[in-house]
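Here's the structure we're looking at; comments come further down.
The values are calculated or read from the model by the stated rules, or taken from the named source; none is laboratory data. All figures in this text were calculated on a predicted structure; none of them were measured in a lab. Quick reminder, even Gly has a Cβ in these numbers, built from the backbone with ideal geometry, and neighbours come from all protein chains shown. Heads up: the accessible areas ignore ligands, DNA and RNA and are worked out on the full protein's heavy atoms, side chains in. Shrake-Rupley method; radii C 1.70, N 1.55, O 1.52, S 1.80 Å.
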Amino acid sequence: MKYVLLICDDETASPSNEQLAADPVHQAWLADLERRGARIVGARLRPVVDATTVRVRDGETLVSDGPFAETKDFVGGFVIVDCASLDEAIEIAAGHPYARWGSIEIRPVWE
Amino acid sequence: MTGHHDRVTAAVEAAYRDEWGQLVATLIGLTGDWDLAEDCAQEAFAAALATWPRDGVPRRPGAWLTTTARHRATDRLRRDATGAAKLRQLAVLERDPAAPPVEEIPDDRLRLIFTCCHPALRFDARVALTLRTLAGLTTAEIARAFLTAEATMAQRLVRAKRKIAEAGIPYRVPPAEALPHRLAAVLAVLYLIFNEGYDEERLDARRALTAEAIRLARVLCRLLPAEPEPAGLLALMLLHEARRATRTADGVLVPLERQDRSAWDAALIAEGVAVLDGALASRRAGPYQVQAAIAACHATAPEAASTDWPQIAALYGTLARLAPSPVVALNRAVAVAMADGIPAGLALVDELAAAGTLTGYHLLPATRADLLRRAGRTDEARRAYREALALAPTEPERRYLAARLAELPDSAP
């Protein structure tokens, strides 16, 4: 099964890429993904201040600053994994450093 | 002839109660298709009703039903182009002379229980799914039990089954490291089913929710003999069930100390205590074992006055550590009042009231009222009873509180 893990938090803690790379929890998470051979693709996203939202209404393209919805948590990254079941996806998600202060939403890929 | 027919009908009903869950569990294990499994199980029982009166009840009803249901599944999958892969799996079993006879197919109910109670499903969906696929209640029966429209309940079941398939919830018993957490989720579902039936009897006695919860807990205990908490929950249910008939009289709640102890079910109490002793022998305490131990203290006291309150207060202390909650703290306050004197208990209740976590919960003022009455502080008791009366959610409780309020002596002028 393929799942997208949406890595979310409120952006209060915003480690740099270097800090994240040095975080032993993050390193352990990457090693775990490697061991499982589950990772297809993934990316860290820049904060929502740099987000742009596009809508087309009545043929008109509306561009606005910021994320699509005003919520407490924002998507800060994603990873697409291929693994045996939801239980394995939960195990992978639980190992991500952001799970400790933010949350990871697991969405099955619609194939 | 009628006698024969009745005996056969009773045999089919007994087989339904005993075999439904295992039949569905086995078919899901073989085909991975929940709807197909339920349909074929249903058809197997229809076939039993049609043929057992003529051919007699088979020596092993469960094996007969499994074989029949498996044949139905094979037939259906043969007609269905997308069923080819599932069919191959089944066909191996049908043809392979080395395949285990149906009697030896491992009990798949444990996989089914854990999948039905998976935390990725909504709690109400876990409850409905457990009652439908494991206990074999119909959608209409479950809807009636939970005062929900049948269409709503049907949709809840459809969505839950769809999520299991689409989100890839595995059909398995969780590995050891996940077991404690996942087992707690299973036990919570069973206890909710029991409490729904205990608080208000909405089904006819034959399919009472308390009986279903107890039956499922027995299955769980058999399948997980090394785990003490399922036995703790089973003991707790048995000890509560033993007192059920005496909990209300003429629509008025009867508190424990005024219940007719001679009407308690001695056999259920004995079984509950024995099951609890077995669990406690593992020396791995858990919240259900502790609650069962408290229930056992009450159930085995020959009269209210001989209740071992110091022991109960100590057990509530343990429970407050294992599973802290303001309701547990309130119960502990009552036990402390009975063991160490009313002022000690009242002080704990006042602390809880000040913390504010139980605001709006009728048992907080009701407990205070009771302790104040025992302490002879009539005016304060009266105010607390009135406060509780305004918050009490059920009619038997309101009637009880009103009666207690009326019993209070007139206050001094």
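Assorted remarks:
- Hits in the stretch B:162-200 (condition: farther than 15 Å from A:Met1 by Cβ and within 14 Å of another protein chain (Cβ to nearest Cβ)): B:Val173, B:Pro174, B:Pro175, B:Ala176, B:Glu177, B:Ala178, B:Leu179, B:His181, B:Arg182, B:Ala185
- B:Glu241 being within 20 Å of B:Thr307 (Cβ to Cβ), free of Cβ contacts under 8 Å to residues at least 60 places away in the same chain and either open to solvent by 50 Å² or more (accessible area, probe 1.4 Å) or assigned to a helix (DSSP H, G or I) (or both): yes
- Count of residues meeting criterion [open to solvent by 20 Å² or more (accessible area, probe 1.4 Å) and closer than 20 Å to B:Asp260 by Cα] in the stretch B:275-297: 1
- Restricting B:Leu319, B:Leu330, B:Leu280, B:Leu315 to those that are under 25 Å from B:Ala402 (Cα atoms) and of a type outside the set (Phe, Trp, Tyr) reduces the list to B:Leu330.
- For the stretch A:22-36, filtered to residues that are free of Cβ contacts under 8 Å to residues at least 12 places away in the same chain and under 17 Å from the mean Cα position of the chain (by Cα), the residue that is most open to solvent (accessible area, probe 1.4 Å) is A:Gln27.
- Against the conditions (1) open to solvent by less than 50 Å² (accessible area, probe 1.4 Å); (2) under 15 Å from the mean Cα position of the chain (by Cα), A:Arg39 satisfies every one except (1).
- Number of positions in the stretch A:59-92 that are under 30 Å from B:Cys116 (Cβ atoms), open to solvent by less than 40 Å² (accessible area, probe 1.4 Å) and more than 10 Å from the chain's Cα centre (by Cα): 8
- Where helices (runs of 4 or more DSSP H) fall wholly inside the stretch A:9-111, the ranges with 2 or more residues that are within 14 Å of chain B (Cβ to nearest Cβ) are A:86-94.
- Filter result (free of Cβ contacts under 8 Å to residues at least 12 places away in the same chain, open to solvent by less than 50 Å² (accessible area, probe 1.4 Å) and part of a helix (DSSP H, G or I)) within the stretch B:145-177: none
- Scope the stretch B:299-313; condition closer than 22 Å to B:Arg368 by Cβ and crowded, with 21+ Cβ neighbours inside 10 Å; matching residues: B:Ile312, B:Ala313
- Matching entry among B:Thr378, B:Thr307, B:Thr359 (being touching a Cys at 6+ places or on another chain (Cβ under 8 Å) and among the β-branched types (Val, Ile, Thr)): B:Thr307
- Tabulated pairs, the stretch B:293-311, first over 19 Å from B:Ala274 (Cα atoms), second in a helix (DSSP H, G or I) and open to solvent by 50 Å² or more (accessible area, probe 1.4 Å), C-beta under 6 angstrom, 6+ apart or interchain: B:Ala304/B:Glu257; B:Trp309/B:Met338
- Pairs with Cβ under 9 Å, 6+ apart, first in the stretch B:257-270 and part of a loop (DSSP other than H, G, I, E, B), second open to solvent by 70 Å² or more (accessible area, probe 1.4 Å) and among the β-branched types (Val, Ile, Thr): none
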